[in-house]
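One structure is given below, encoded as structure tokens.
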Amino acid sequence: MSDISGYNKKATDPLSKAKNRAQQIPIDKKSKVGITLYDIDFAMMEYMTDVVIPDVEENGTKVKVPLIYGNPERWKAATKDGYIRDQRGRIQIPLIMYKRNSIARDDSLANTMNRNVSYSTLTKYNKKQKYDKFSLMNEVNPNVEAYNITMPDYVTVSYEVMIWTNFTEHMNKIVEQFQYATDEYWGDKKKYKFRVRIDSFDNQTEVGQGSERIVRTSFTMAVNAYLLPSEFDNKPTTIKEYTPKRVVFGLEADLTGGGGGVNPVKQKAINQYADILDFLAVRGSVSGSFVDADTVKINNVEVPKLPPSLEGNFDVDNWFKVYINGLFIPSTKYSYFVSSSANSVEFNFTTGSEASDTELGYELESTDEFAFVGKFKELWV
């Protein structure tokens, strides 16, 4: 008997790449982009209610014409009787009822590669990344959130609408509003908007039960819309990323002589001055943490040792460039202590009462901004 237990397992794509969890950034529910049929239905209803449908006057009082969605029971009753009744059996007038008829692919805007093509949107502000003076001094751009959204499917959605009023004057007013709103984009400007077209109106005047006159108009709306599920095949259609803060360039030695092989002369020079090249490539920039009125500390940094061949040639007094609230502070106004075991550097400032070549002239505060640039490596933890 053959083993068929493996047939129930989900097939895997041999060409798919393994996921890098470090690059998977979670997206909150509010940021997930998806346009559903409900969104289109709701956009039509909301725009008709808030913008298109006018008030009519009955017995000297303005009345808001109600709008309802035509479920199968309501639509069947309205088609059969020519009107619908409320729970008490009375004819509901004035009234507007609509329903979605069909969905067709919009070939004029068809996107055959919709699942492989995306467009990006960027947030203007990211609360996790402040744009401060330190960023300006070190050419650090605040990273922004980027959302890569899959291209949607373009469709044409057809809606049928029926209007009932007592008077032709009321019907004329409503029809005029719908006619004026055709070929416009309906919806909420903060959410979704779809182009709507109305070609013609079918007007009828009927007599209901008894002697009550009913004016009825029906028409069809063609809505150019788009659909995009928030997920497909258990994968989100919106991918969240962060733009880089800074691009760092390092030193790279070319050991070839142009012929494709390693140049022994260059190789010897690189080996001889490797410690100098590594030292010159080091450059870091971090924000400092306030400790007290004359002390600031930078953490998670590694300070390299000065190569012996550079002793006397490298300006160790300006190993660090220090900025307080955007102002450069000369090295004569502070001293520092490097703790290799704690991966930190502590800076002690001479505050004093008056500004001079060796004194700040003020005490530090926790609200001050401290920026440090120099020969150190930033350790990511």
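The values are calculated or read from the model by the stated rules, or taken from the named source; none is laboratory data. Please read these numbers as outputs of a predicted model, since none were measured by experiment. Note: ideal-geometry Cβ built from the backbone for every residue, glycine included; neighbour counts use all protein chains shown.
The rows are residues; the columns are (1) buried (at least 16 other Cβ atoms within 10 Å of the Cβ); (2) in contact (Cβ under 8 Å) with a residue 60 or more places away in the chain; (3) out of contact with any helix residue (DSSP H, G or I) (no Cβ under 6 Å at 6 or more places or on another chain).
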site	(1), (2), (3)
Phe290	no, yes, yes
Asn318	no, no, no
Lys321	yes, no, yes
Gly326	no, yes, no
Glu354	no, no, yes
Leu360	yes, no, no
Glu365	no, yes, yes
Phe372	yes, yes, yes
Trp380	no, yes, yes
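Look through Ser340, Ser285, Ser309 and report the one residue that is more than 24 Å from Tyr362 (Cα to Cα) and in contact with a strand residue (DSSP E or B) (Cβ under 7 Å, 6 or more places away or on another chain). Walk me through it before giving the result.
Working: Ser340 fails: in contact with a strand residue (DSSP E or B) (Cβ under 7 Å, 6 or more places away or on another chain); Ser309 fails: in contact with a strand residue (DSSP E or B) (Cβ under 7 Å, 6 or more places away or on another chain).
Testing whether each residue is more than 24 Å from Tyr362 (Cα to Cα) and in contact with a strand residue (DSSP E or B) (Cβ under 7 Å, 6 or more places away or on another chain) leaves just Ser285.
Would a scan of the stretch 22-42 turn up a residue that is closer than 19 Å to Phe178 by Cβ, loosely packed, with under 13 Cβ neighbours inside 10 Å, modelled with pLDDT of 85 or more and under 31 Å from the mean Cα position of the chain (by Cα)?
Looking for residues that are closer than 19 Å to Phe178 by Cβ, loosely packed, with under 13 Cβ neighbours inside 10 Å, modelled with pLDDT of 85 or more and under 31 Å from the mean Cα position of the chain (by Cα), one finds none in the stretch 22-42, hence no.
Can Ser341 be described as among the small types (Gly, Ala, Ser) and assigned to a strand (DSSP E or B)?
On the way: among the small types (Gly, Ala, Ser): yes; assigned to a strand (DSSP E or B): no.
Spelling it out, it is not the case that Ser341 is among the small types (Gly, Ala, Ser) and assigned to a strand (DSSP E or B).
Could you list all residues from the stretch 142-173 that are closer than 22 Å to Asp202 by Cα and assigned to a strand (DSSP E or B)?
Passing the criteria: Thr156, Val157, Ser158, Tyr159, Glu160, Val161, Met162, Ile163, Trp164, Thr165.
Where in the stretch 183-288 are there strands (runs of 3 or more DSSP E), lying fully within it, with 1 or more residues that are of a type outside the set (Gly, Ala, Ser), farther than 30 Å from Tyr159 by Cα and at pLDDT 85 or above?
Details: elements: 184-187, 193-207, 213-227, 238-242, 284-287.
The qualifying strands (runs of 3 or more DSSP E) are 284-287.
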